[in-house]
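Written below as structure tokens is the structure these notes are about.
The values are calculated or read from the model by the stated rules, or taken from the named source; none is laboratory data. Bear in mind that the values here come from a model prediction, so they are computed numbers and not experimental data. In this analysis, Cβ positions are derived from the backbone assuming ideal geometry, glycine residues included, and neighbour counts consider all displayed protein chains. The protein model used for the area step is the full one, side chains on, heavy atoms only, and it has no ligands, DNA or RNA in it. Shrake-Rupley method; radii C 1.70, N 1.55, O 1.52, S 1.80 Å.
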Amino acid sequence: DAKTTQPTSMDCAEGRAANLPCNHSTISGNEYVYWYRQIHSQGPQYIIHGLKNNETNEMASLIITEDRKSSTLILPHATLRDTAVYYCIVRVAMAGTASKLTFGTGTRLQVTL
Amino acid sequence: ETGVTQTPRHLVMGMTNKKSLKCEQHLGHNAMYWYKQSAKKPLELMFVYSLEERVENNSVPSRFSPECPNSSHLFLHLHTLQPEDSALYLCASSRLWTSGAGDTQYFGPGTRLTVL
């Protein structure tokens, strides 16, 4: 699976959009981009995933560049409860198989008043 | 509440003890996973079960022994652990991947293990 690079930490004011970048320059055509987050001492929580099109759900938006070498997770209106470590993971998805996620060190997002 | 439960939530054991961690999922999934998260380190995938068969064992020492008796339950049997095995042990479950539904992993709250 392709390696990802994320900033170690970011700050965001409450109510503002949080834009978390991820670099995955060695991604191959059949690899998906997944985002999870982990609030302190809890299990990780799925946020969103995509292949090449931009995606949006009730939690966030995922913007993938046309060359797919990078992506940005957008939390449109960050709240204090969004303070967490955010993980960008790139992996091959094959029909009928179990997923094997390789977590890096992620980005620690601190949302402040 | 993710639909994945883990017991116990906290466990302290000596190096000569034998204990088991239990995970149960109520989501109808057919894949289950054990992860280890040590202090200041990323989550490490330990074991993967697909349709109750072990499909991944990431060079985990034999003092950790997984068991998946059915698609809803997963155990991690522990014996003669070392202090460096102290960590948060997380269980997750998912469907097998399909292009329509994906294979989101749902995590339990974890068991905080301390080995004395």
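Projecting the Cα positions of B:Leu11, B:Ser50, B:Ala31 onto the charge dipole of chain B (unit charges on Cβ atoms of Lys, Arg, Asp and Glu, taken about the Cα centre) puts B:Leu11 furthest along the positive direction. Residues of region A:81-113 whose accessible area (probe 1.4 Å, heavy atoms of protein chains only) drops by at least 40 Å² once all protein chains are present, relative to their chain alone: A:Gly96, A:Ala98, A:Ser99, A:Lys100, A:Leu101, A:Phe103. Counting heavy atoms of the protein chains alone, A:Val33 has an accessible area of about 0 Å² for a 1.4 Å probe. Of B:Glu1, B:Glu53, A:Glu58, B:Glu44, the order by accessible heavy-atom surface (1.4 Å probe, DNA, RNA and ligands excluded), from most exposed downward, is B:Glu1, A:Glu58, B:Glu53, B:Glu44.
Residues of region A:32-77 whose accessible area (probe 1.4 Å, heavy atoms of protein chains only) drops by at least 20 Å² once all protein chains are present, relative to their chain alone: A:Tyr32, A:Tyr34, A:Tyr36, A:Gln38, A:Ser41, A:Gly43, A:Pro44, A:Tyr46, A:His49. Considering only trypsin sites (Lys or Arg not before Pro) in DSSP loops that have at most 16 other Cβ atoms within 10 Å, the longest stretch of chain B without any of them is B:64-116. The tail of the calculated P(r) for region B:5-75, taken as Cα-Cα distances beyond 17 Å, holds 49 percent of the pairs.
For the pair region B:46-92 / region A:55-113, the C-alpha centres are spaced 26 Å from each other.
Only the Cβ atoms of Lys and Arg (+1) and of Asp and Glu (-1) were treated as charged; on that basis the dipole of chain A about its Cα centre amounts to roughly 220 debye. Computed over protein heavy atoms with a 1.4 Å probe, the accessible surface of region A:1-47 works out to 52 Å² per residue. Counting only cysteine Cβ atoms and a cutoff under 4.7 Å, chain A contains unmatched residues A:Cys12. When the solvent-accessible area of the protein assembly as shown is split by element, carbon and sulfur atoms take up 50 percent of it, the probe being 1.4 Å.
Protein heavy-atom accessible surface, 1.4 Å probe, per residue over chain B: 47 Å².
Ignoring aspartates and glutamates fewer than eight residues from B:Lys18 along the same chain, the ones with Cα atoms less than 15 angstrom from its Cα are B:Glu67, B:Asp85.
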